[in-house]
Amino acid sequence: MSYSLDFGWLEGALGAIARGAAMTVFLIVVTTLAGTVISVLAAAGRRSGPLWLKRAITVYVEVIRNTPFLVQLFFIFFGLPAIGIRLDPIFAAILAMTLNMAAYTTEIVGAGLDAVPKGQREAAFALGLRPRQVFFKIVLPQALKVIFPALTSQIVIMMLESSVVSQIAVSELTYEADMLQARTFRPFETYFVVAMIYLGLSIALRRLLVGIGRRTLSAGVS
């Protein structure tokens, strides 16, 4: 059985592919911002909060890290309506992605916080800085410098995992690819093109994050 490649449909599909890519970028931008903030607060709370908070964060991290992302997404979108909570598909996708990413990055940020020498904190306290000032001005910048490569990788991984939200009809890149191959009957060409787009997005995202990290960290040092 012979198969001849045909990319003639691609010109008419550029609009759909662009919309899907734009939604994928939107999802990862929102998820990165929200997930990073939550992970910083969770990592700090796990180390200096009350006992009940430490246990709650530990349970959250373990539950998310030991269950599939698809199950988490389905629970939020299909499960919550059973108790009267109905979410828009895009909001459900953002919520699931944020909770998933924050659980993993909480561990990453926590490792960075633990890597900062205790002498740094003691010196800051000796200078009369308040605990919050010590954390945000002394500890956190040094921790971010240590964990930035791992944090960047986790963000890229989350961007790739965003393809799963096509299962709840969020019109991101994979969803648009599914619709295109159903209309064109060209699955090989469709998913090849989409795979190359994901590859390009991953490379671009990693370079962007590295650039942002260098500028942010250099500004923090200066």
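Spin-label model, residue 133 to residue 48: label points 7 Å out along the Cα-to-beta-carbon direction sit 1.3 nm apart. Excluding residue 163 itself, calculate the net charge of residues whose Cβ lies under 13 Å from the Cβ of residue 163, where each Lys or Arg counts +1 and each Asp or Glu counts -1. Here the count lands on -4.
If R0 equals 22 Å, the separation of the Cβ atoms of residue 196 and residue 11 corresponds to a calculated FRET efficiency of about 0.85.
Note: relative contact order over the chain, using C-alpha pairs below 8 Å and six or more positions apart, is 28 percent. Between 131, 141, 187, the residue with the greatest mean-square fluctuation in the GNM of the chain (Cα pairs under 10 Å linked by springs) is 131.
Counted residue by residue at 0.36 nm each, then reduced by the alpha carbon distance between them, the extension gain from residue 74 to residue 206 reaches 44.7 nm.
For the chain, what number results from the quotient of the Cα radius of gyration and 2.2 N^0.38 Å? Expressed relative to 2.2 N^0.38 Å, the Cα Rg reads 1.22. Solvent-accessible area of the stretch 121-222 (1.4 angstrom probe, protein heavy atoms only): carbon and sulfur portion equals 66 percent. Within the stretch 38-117, the percentage of alpha carbon pairs spaced more than 19 angstrom apart rounds to 44%. A cut-off under 13 angstrom between Cβ atoms defines the neighbours of residue 28, and their net charge, with Lys, Arg +1 and Asp, Glu -1, is -1.
In vacuum, with every alpha carbon of the stretch 63-106 counted as one equal point scatterer, what does the Debye formula give for log10 I(q)/I(0) at q = 0.15 Å⁻¹? Two decimals, please. Relative scattering, expressed as log10 I(q)/I(0), comes to -0.34.
Given in Å, the Rg to one decimal and the Dmax to the nearest whole number for the Cα atoms of the stretch 1-92 are 20.1, 66. Per residue, the chain exposes an accessible area of 56 Å² to a 1.4 Å probe, with every protein chain left in place.
Trypsin sites (Lys or Arg not before Pro), restricted to the stretch 1-104: which are DSSP loop and have at most 11 other Cβ atoms within 10 Å? Qualifying residues, ordered by number: 86. Structure remark: mean-square fluctuation, Gaussian network model of the chain, C-alpha springs under 10 Å; the largest value among 80, 140, 41 belongs to 80. Between 73, 209, 173, the residue with the greatest mean-square fluctuation in the GNM of the chain (Cα pairs under 10 Å linked by springs) is 209. Between residue 18 and residue 123, full extension at 0.36 nm per residue minus the direct alpha carbon distance yields a gain of 32.6 nm. The order of 9, 52 by accessible area, most exposed first and with a 1.4 Å probe, is 52, 9. Here the scattering of the stretch 89-196 is modelled by Debye summation over its C-alpha atoms, one equal scatterer each and no solvent; at q = 0.10 Å⁻¹ the log10 of I(q)/I(0) is -0.48.
In the stretch 11-217, a dipole from Cβ-located charges (positive for Lys and Arg, negative for Asp and Glu) runs towards its positive end, and of 16, 124, 79 it is 124 whose Cα lies farthest in that direction. Charges were assigned to the Cβ only: +1 to each Lys and Arg, -1 to each Asp and Glu. The resulting dipole of the stretch 11-217 about its Cα centre is roughly 1000 debye.
The values are calculated or read from the model by the stated rules, or taken from the named source; none is laboratory data. Please read all numbers here as calculations on a predicted model, not as lab measurements. Cβ: placed from backbone, ideal geometry, glycine included. Neighbour counts: every protein chain shown. For the accessible areas, the whole protein counts, side chains as well, though only heavy atoms, and no ligand, DNA or RNA atoms are used. Shrake-Rupley method; radii C 1.70, N 1.55, O 1.52, S 1.80 Å.
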